[in-house]
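Student: Supplied in structure tokens, the structure appears directly below.
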Amino acid sequence: MSIIDSSNYGGSVNVTGYTFPFLFYNCTGLTHADGLFTTTHAAVKREYYNSFRGCINLLSAPILNHETVNENAYCGMFRDCWALTTPPVILAQEIKGFGLKSMFLDCTGLTQTPTLHINAFKDTHQCEGMFENCISLAQTQTLPNITPTTGTYKRMFANCWSLTTAPELPSVTLSNSAYTAMFENCTGLTEAPLLPATALTDYCYYEMFKGCSQLSAITMLASSNLSATDALTNWVSGVSPTGVFVKEVYATLPTGNNGIPQGWLALSNGITLSKNRIDCESGTTETITVTSLNS
């Protein structure tokens, strides 16, 4: 029997905020939670807040059918579920403030992310720290092609050491703190996702790739509002000592942790450089062409 399924009750189910916070908190003997929640009503404020937190032996999680996730509804829901390797299906299309915050924080066995069907972000910080410290996470699904709001993806993948390929970040418009520390200490990451946004905002890329010690390729296409408050502060601190940085032609960036990493080759987007070389033995001329990564 599902805990929340209107067919199990004589009348309608009226679910209000704070309904199931810490419901199975530290239930270390719980291994399966399939079919617990079958309703499609909007997940209300803090409804499942930390509901499975500390279930360190949980192997399977229930499908989450809610179309809307309200403030903090799934916050910390599976935090510290160390044995969980596959995330539950999440069908929500609208996420409100802190709705998915820290949902899988410290799930050290999680190897992949769920597919997100989101078509609207409301309020702020919806996915902050969602997979933070998921040190086994190696596979990510595509993120929604919608504009993030303030803090939407802050620290989303911080300390995901096994992550080698980052998800695409297609939005050309940024909000404040949209990607703050999003990939901090992702030591397996070698190439940054394309950053197509044309203008920076306050704290948008703050510490975004800090500590990504193997990162050696970044394409960042912003050319306006480059002086936004702390937009690039420490964003490449601790990356690989050599690499390639592609920027917009007219973008002027400093060298160092707050701009183009020291020791990297900087190229301008869309610019092709050619140089003729003469083969001394044959006398033939060869043209060597270098084109930026995103031309």
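Student: Taking a ≥ b ≥ c as the square roots of the Cα gyration tensor eigenvalues, with a/c under 1.5 meaning rounded and otherwise prolate when a/b beats b/c, else oblate, which class fits region 97-233?
Tutor: oblate
Student: How far apart, in nm, are two points set 7 Å out from the Cα along the Cα-to-Cβ line at Asp34 and at Glu168?
Tutor: 3.4 nm
Student: Starting from the Cα gyration tensor of region 148-187, take the square roots of the eigenvalues, sort them a ≥ b ≥ c, and report rounded, prolate or oblate (rounded when a/c is under 1.5, otherwise prolate if a/b is larger than b/c, else oblate).
Tutor: Verdict is oblate for region 148-187.
Student: Which FRET efficiency value, to the nearest 0.05, is calculated for Ser227 and Asp123 with the Förster distance at 30 angstrom and r the Cβ-Cβ distance?
Tutor: Between Ser227 and Asp123 the formula returns 0.60.
Student: For Lys154, go through the lysines and keep the ones whose alpha-carbon is under 18 Å away, minus same-chain ones fewer than eight residues off.
Tutor: Filter leaves Lys96, Lys101, Lys122, Lys210.
Student: Rounded to the nearest 0.05, what FRET efficiency is calculated for Leu253 and Asn145 with R0 set to 22 Å and r the Cβ-Cβ distance?
Tutor: According to the calculation, E is roughly 0.25.
Student: Further, regarding this structure: Calculate the FRET efficiency for Leu265 and Glu67 from the Cβ-Cβ distance with a Förster distance of 45 Å, rounded to the nearest 0.05.
Tutor: Calculated value: 0.40.
Student: Lys and Arg at +1, Asp and Glu at -1: add these up for the other residues within a Cβ distance under 11 Å of Thr233 and post the number.
Tutor: With Lys, Arg at +1 and Asp, Glu at -1, the neighbours total -2.
Student: Using the per-residue mean of other Cβ atoms lying within 10 Å as a proxy for protection, in what order, highest first, do the peptides 57-65, 24-32, 105-113 fall?
Tutor: Those peptides, ordered most packed to least, come out 105-113, 57-65, 24-32.
Student: If each residue of separation counts as 0.36 nm, what is the full-extension length gain between Ala138 and Ala217 once their alpha-carbon separation is subtracted?
Tutor: 26.5 nm
Student: Of the peptides 165-173, 123-131, how do they stack up when ordered by the mean number of other Cβ atoms within 10 Å, highest first?
Tutor: Most protected by this proxy first, the peptides run 123-131, 165-173.
Values quoted throughout were computed directly from the atomic coordinates according to the rules given, and no laboratory measurement underlies them. Everything quoted here is computed from the prediction, not taken from an experiment. Glycine gets a Cβ as well: all are built from the backbone with ideal geometry, and neighbour counts include every protein chain shown.
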